[in-house]
1. Determine which member of the set Q67, Q26, Q89, Q96 is of a type in the set (S, T, N, Q) and closer than 12 Å to A142 by Cβ.
2. Just checking, how many residues over region 154-172 are over 18 Å from G90 (Cβ atoms) and either of a type outside the set (G, A, S) or at pLDDT 95 or above (or both)?
3. Cβ-Cβ under 9 Å, sequence separation 6+ or interchain: first residue in region 36-47 and over 16 Å from Y97 (Cα atoms), partner surrounded by 14 or more Cβ atoms within 10 Å (Cβ to Cβ) and of a type in the set (D, E, K, R). Which pairs?
4. Which condition from (1) touching a strand residue (DSSP E or B) at 6+ places or on another chain (Cβ under 7 Å); (2) part of a loop (DSSP other than H, G, I, E, B) is the one that V59 breaks?
5. Can you name the residue in region 25-56 that is part of a loop (DSSP other than H, G, I, E, B) and in contact with a strand residue (DSSP E or B) (Cβ under 6 Å, 6 or more places away or on another chain) and, of all such residues, is surrounded by the fewest Cβ atoms within 10 Å (Cβ to Cβ)?
6. Within region 20-55, restricting attention to residues that are acidic (D, E) and over 16 Å from the mean Cα position of the chain (by Cα), which residue is farthest from A151 (Cα to Cα)?
7. Please find, within region 98-146, the residue that is farthest from the chain's Cα centre (by Cα) out of those that are farther than 25 Å from S4 by Cβ and among the hydroxyl-bearing types (S, T, Y).
8. How about region 63-94: which of its residues are modelled with pLDDT of 95 or more, surrounded by fewer than 17 Cβ atoms within 10 Å (Cβ to Cβ) and part of a strand (DSSP E or B)?
Amino acid sequence: MSASIETITLGGGCFWCTEAVYERVQGVTAVESGYTNGHVLRPSYEQVCGGDTGHNEVVRVSFDASQISLREILEIFFVIHDPTTLNRQGNDVGTQYRSGIYFSSPEQERVAREVLAEMAASKTYRSPVVTELKALDNYSRAEDYHQHYFAQHPGQGYCAFVVAPKVEKFRKTFANRVRAD
């Protein structure tokens, strides 16, 4: 792995939405759906959806820091989901859908704190941002059928009506960051 490849873990509601966006970001080298910061080792999707494991549905975003900065990754994150709703994104309700940034280095924590502070100071949102910022803990990869879900099922109802609009919002807001391929 190149010295310029970094990985940050983000919870922005359903991982299908977040994954679909980051798979289209120039400079992102890999995206993996998973679960983090809960108390059960290697939980199943059904366990996480039950809301009792403490896990969050997340994506691990690996990116080439020589092409895109962590700050830019986080700027995209805060546009593609609502960081002001506690334990919910749209109709997805539960602690597993909370807004979260899970860092794996002091530098990632510093940058995330700066971005959160700047948003609070600028009053970017009408309501307070409730994104949790915690060290990455107890991460496990989601089942294979969750990986690249939108790419494999673009016509599925949830994908067509929830995921696709988020992808389109990313494309319009960050046209200069859309991957060319």
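1. Among Q67, Q26, Q89, Q96, only Q96 is of a type in the set (S, T, N, Q) and closer than 12 Å to A142 by Cβ.
2. Residues meeting the conditions: 3.
3. Once the first residue is over 16 Å from Y97 (Cα atoms) and sits in region 36-47, its partners that are surrounded by 14 or more Cβ atoms within 10 Å (Cβ to Cβ) and of a type in the set (D, E, K, R) give V40/D52.
4. (2)
5. R42
6. D52
7. S122
8. Correct list: D64 only.
The values are calculated or read from the model by the stated rules, or taken from the named source; none is laboratory data. Quick caveat, the model's predicted, so the values are computed rather than measured. Heads up, the Cβs are rebuilt from the backbone with ideal geometry, glycines too, and the neighbour counts pull from every protein chain shown.
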